[in-house]
1. Any chance the stretch 108-124 includes a residue that's surrounded by 14 or more Cβ atoms within 10 Å (Cβ to Cβ), farther than 28 Å from P57 by Cα and under 12 Å from the mean Cα position of the chain (by Cα)?
2. Suppose we filter A54, A98, A37, A75 for residues that are closer than 16 Å to L117 by Cβ and without any contact (Cβ under 8 Å) to a residue 60 or more places away in the chain; which single one remains?
3. Would you mind finding the one in G64, G90, G86, G97 that is small (G, A, S), on the phi > 0 side of the Ramachandran plot and touching a strand residue (DSSP E or B) at 6+ places or on another chain (Cβ under 7 Å)?
Amino acid sequence: MGEGNGLEPGIYRYVAEEHALTQEIPGDMREKLAGAALSQPMVSKAPVSLAISAVYPRMTGKYGKRGIRYANMEAGHAAQNIYLLGVELGIGTCAIGAFEDDDVKKVLKLPANEEPLYILPLGYI
């Protein structure tokens, strides 16, 4: 994200309990994330990309095998809401699922039990 908005370039994690962002990795990581996403240019050019991930063991511990389905459904619902809000704000996105999971996990420094599901680059249309 650019200057003047209060966030330095980097990878941030949303902490739901605090309704806050915490910086996990400093610096512009768009090129590395784009590389993990099969060099899709919208990832490297977007001012911000949202990544949606799931911790399947957390879900299956509560809901059994259906937990995987529920996690995937929730990711889809969240992505759809990002699309809808984007329309309202004039911000475009493209849900990306074509990426190398292990490479995305490395770039984002996700824990071993957390799986990336979507990358949503955002930008003005």
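FYI, it's all coordinate maths here, none of it is from the lab. Source: prediction; values computed, not measured. Note: ideal-geometry Cβ built from the backbone for every residue, glycine included; neighbour counts use all protein chains shown.
1. yes
2. After applying the criteria, what remains is A75.
3. Matching residue, one of G64, G90, G86, G97: G90.
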